[in-house]
Every structure is written in C-alpha cells, then in structure tokens.
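Chemist: Input: one structure, supplied below.
Please treat every number below as a calculation from the coordinates, not as lab data. This is a predicted model, so every value here is computed, not measured. Here the Cβ is made from the backbone with ideal geometry for all residues, glycine too, and neighbour counts use every protein chain on show.
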Amino acid sequence: MKKKFTDIFEYEMWANNQFINIFESMDSPPDNILNLMSHIINAQIIWLCRIKKVNSDTEVWQKYRKDDLRKIHTSQKN
C-alpha cells in the first residue's frame, strides 16, 4: 500500500510541476487558474500533514503568486 501512495505522490509532483512550468512561462496567468493551482497544492500539503500526523497552518484556499508556486510545491518533498 505504501508503494501505491508513493507512486501517486510522485505523479502528482510531476503533474503539478508541468503546470507550474507553464505558469512560469506566462507573463500573467489568469487569477482563477492560479487560485485553483494554489488550492491543489494546499490540499496536498494538508493531506500529507494528516498522514504524517503533524499540524499544518495551510489554509485550503490560501492563494499564492506565480513566483511562489514552485517553492511551496517543492517544499512538500520533506
């Protein structure tokens, strides 16, 4: 079961990075798309914290700027 979750996590990291690459290539990505990507990243952070049984200060609809997405997303690897 652990391998299945690891595979899913790795796929989500890859897929999210693909979207972040696209956003970084845009001058000004649409706000609704940034909000949705922020939500996806936040949900992943919250679920990973629940699995690890640690507290998270992350809000589900917390919004990030385009320039912050990669840093926040890659911080989940720890």
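Chemist: Placing +1 on the Cβ of each Lys and Arg and -1 on the Cβ of each Asp and Glu in the chain, which of M1, F23, M13 has its Cα farthest towards the positive end of the resulting dipole?
Modeler: Going by the Cα projections, it comes out as M1.
Chemist: If you average 1/r across every pair of different Cα atoms in the chain and take the reciprocal, what Kirkwood value do you get, in Å? Don't jump to the answer; show the numbers that get you there.
Modeler: Details: mean 1/r = 0.0764 Å⁻¹.
Value: 13.1 Å, from the Cα pair sum.
Chemist: Hey, which of these cross-link pairs are over 22 Å Cα-Cα: K3/K52; K2/K53; K3/K53; K2/K66; K2/K52?
Modeler: On the way: K3/K52 16 Å; K2/K53 16 Å; K3/K53 19 Å; K2/K66 32 Å; K2/K52 13 Å.
Over 22 Å Cα-Cα: K2/K66.
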